[in-house]
Amino acid sequence: RSMDVKAKRLRREGYVTGNVFGKKIQGSIPVKMEKKDVDRLLKTETKGGQIMLDVEGEVYDVLIKEVDYDANQVVEIDFQALVSNEKVHSVAEIIFENHDKVEAGVLQEVLKEVSYRALPAALVEKVKVDVGEMEIGDTIRVKDLSIAKDKDIDILTDLEAVVATVTAVHNNVPETDEEADAEEAK
């Protein structure tokens, strides 16, 4: 995009602004994207996602580095151009599966993403965690995730950090007035 036009004005006109930066790019490349295209992209990709970005005919292999919102509307996206033989810092979103199968206790989802470094070919956007077999007292830590076992990925988040845990329900609140009276009578 031309730097003659202010980002605020472009946003009012229905564009999302952003920058493409990377080791082989002098400074950064300011870009503008149609809001509808960005909304479509963000339905399938998130921060940490790897896409091919066409900037005026030149295609870059990029990582979605940062997505900035204002009042639930995307206003800016930053992209990091990748170099095939250079590790980059990224995050993988943790996706919890089978919550409904946790019958005893309360599932607490502690971590939402894992920070790591990897070559572009080894980048991971999402890590699925099946919590369906968890019981009271069970804990999943970063070291237990599939991403932590991948030799091509250097985990930056503490390996002992808790991802999810199941705790006992502690609030035994009587449901009716009769039950409350019976409790008080004891």
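Things worth noting here:
- Screening Asp158 against (1) modelled with pLDDT of 95 or more; (2) open to solvent by less than 90 Å² (accessible area, probe 1.4 Å) leaves a single unmet condition, (2).
- Any hit, the stretch 85-95, residues being within 17 Å of Lys43 (Cα to Cα) and at pLDDT below 90: no
- Within this structure, Leu63 passes the test of being of a type in the set (A, V, I, L, M, F, W, C), closer than 19 Å to Glu34 by Cα and part of a strand (DSSP E or B).
- For beta carbons closer than 6 Å, sequence separation of 6+ or different chains, a first residue in the stretch 44-73 that is at positive phi and a second that is buried (at least 16 other Cβ atoms within 10 Å of the Cβ) and among the hydroxyl-bearing types (Ser, Thr, Tyr), the qualifying pairs are Gly48/Ser90.
- Among the residues of the stretch 1-20, those that are surrounded by 14 or more Cβ atoms within 10 Å (Cβ to Cβ), out of contact with any Pro (no Cβ under 6 Å at 6 or more places or on another chain) and closer than 24 Å to Leu82 by Cα comprise Val16, Thr17, Gly18, Val20.
- Residue count for the stretch 55-94, restricted to those that are loosely packed, with under 12 Cβ neighbours inside 10 Å and touching a strand residue (DSSP E or B) at 6+ places or on another chain (Cβ under 7 Å): 2.
- Given (1) within 18 Å of Ala148 (Cα to Cα); (2) acidic (Asp, Glu); (3) at pLDDT 90 or above, index of the condition Glu125 fails: (3)
- Selected residue [open to solvent by 70 Å² or more (accessible area, probe 1.4 Å), over 24 Å from Ile95 (Cα atoms) and part of a helix (DSSP H, G or I)] from Lys23, Lys36, Lys43, Lys32: Lys36
The values are calculated or read from the model by the stated rules, or taken from the named source; none is laboratory data. Computed from a prediction, not measured in an experiment: that's the story for all the values here. Quick reminder, even Gly has a Cβ in these numbers, built from the backbone with ideal geometry, and neighbours come from all protein chains shown. Keep in mind that these areas ignore ligands, DNA and RNA; they rest on the heavy atoms of the full protein, side chains included. Shrake-Rupley method; radii C 1.70, N 1.55, O 1.52, S 1.80 Å.
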